[in-house]
Amino acid sequence: MPIATVSSKGQVTLPAECRRATGIKPKSRVFIEADEGGIRITPAPGILSLRGFAGKALPPEEERRRMEEAVARHVLGIE
């Protein structure tokens with residue numbers, strides 16, 4: 001198990017073998033979770049991995065029409 005040192009600024013350099021194993025590269029973003037058992041560092045998904053998550057984009061006019069319809073339904077209590 002690799003060992004790292006915490007700097008006076010609270011920074012830790014991840015050992016190369018850990019970065020290789022997880023695909024963490026320079027400028028990668030990571031999640032840091034702490035609990036009573038320790039600290040877990042996991043790669044954060046890149047923005048491209050979210051592509052398509054919200055569905056296909058619609059033309060702005062169609063988005064506006066749908067939004068206005070949703071607001072009208074809400075105001076009229078039709079939801």
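Annotations
- Here Val30 meets each of (1) at pLDDT 90 or above; (2) exposed (fewer than 10 other Cβ atoms within 10 Å of the Cβ); (3) not basic (Lys, Arg) with one exception, condition (2).
- Top-ranked residue in the stretch 33-53 [being among the hydrophobic types (A, V, I, L, M, F, W, C) and at pLDDT 90 or above; ranked as nearest to Leu14 (Cα to Cα)]: Ile41
- Among the residues of the stretch 54-69, not a single one is outside any helix (DSSP H, G or I), at pLDDT 90 or above and surrounded by 10 or more Cβ atoms within 10 Å (Cβ to Cβ).
- Yes/no for Pro45 being surrounded by 10 or more Cβ atoms within 10 Å (Cβ to Cβ), out of contact with any Lys or Arg (no Cβ under 6 Å at 6 or more places or on another chain) and assigned to a loop (DSSP other than H, G, I, E, B): yes
The values are calculated or read from the model by the stated rules, or taken from the named source; none is laboratory data. The structure displayed is predicted, hence computed values, not measured ones. Positions of Cβ are backbone-derived with ideal geometry, glycine not excepted, and every protein chain shown enters the neighbour counts.
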